[in-house]
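Can you keep this structure in mind? I'll have questions shortly.
The values are calculated or read from the model by the stated rules, or taken from the named source; none is laboratory data. Since this is a predicted model, take the numbers as computed values, not measurements. So basically every Cβ, Gly included, is an ideal-geometry build from the backbone, and we count neighbours across all protein chains shown. What goes into the accessible areas is simple: the full protein's heavy atoms, side chains included, and nothing from ligands, DNA or RNA. Shrake-Rupley method; radii C 1.70, N 1.55, O 1.52, S 1.80 Å.
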Amino acid sequence: MGNRTRWKHQPGRPRHRCPTTTVSIDEIKSRAEGEVLVMVLHPHFSANPYVYIAYDYKNEGDYKEKIVRHSFNGSELANPLTLIGNINASGIHNGCHLLIKPDLKLFNTTGDASNQSDPRNNAALNGKILRLNLDQ
């Protein structure tokens with residue numbers, strides 16, 4: 001992939017004048033601070049060309065967040081696999097960061113989605129650091 005590939009979701013012209021790969025994921029919905037939150041590549045991308053993307057979407061009318069793994073074939077994303085979804089989202093406080101450690105654990109931080117009680121609620125996914133084991 002190299003440093004000459006740029007990823008963007010927003011329609012329109014690229015902000016930088018360099019070759020771009022434009023990716024469109026129709027499911028992504030924008031509301032204030034929400035949309036594409038973060039993306040990260042698999043640490044062994046040349047052998048496992050996976051792109052992990054956290055974004056906001058609508059699920060039966062509710063605004064939610066999910067993490068999806070896509071395969072990258074050199075020109076487009078394919079084979080989306082939802083790793084975790086149905087995380088509450090909001091117009092603010094969707095804080096999200098993805099990190100893959102050398103032991104292939106994916107860590108995801110979630111914001112409180114404007115609900116200050118969720119971080120103290122063990123049944124809620126919001127306001128937490130979530131850990132997922134990557135199978136590959």
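Leaving out ligands and nucleic acids, note down the accessible area per residue over the stretch 41-118 with a 1.4 angstrom probe, in whole Å².
Value returned for the stretch 41-118: 47 Å² of accessible area per residue.
Between ASN59 and ILE129, what FRET efficiency comes out of the Förster formula 1/(1 + (r/R0)^6) with R0 = 22 Å and r the beta carbon distance, rounded to 0.05?
0.45
Further, regarding this structure: Rank-order 54-65, 107-118 by packing density, defined as the average count of other C-beta atoms within 10 Å over each peptide's residues, highest first.
Result, highest mean Cβ count within 10 Å first: 107-118, 54-65.
Now, a different point. Would you work out what percent of the accessible area of the stretch 38-136, with all protein chains in place, is carbon or sulfur (probe 1.4 Å)?
48
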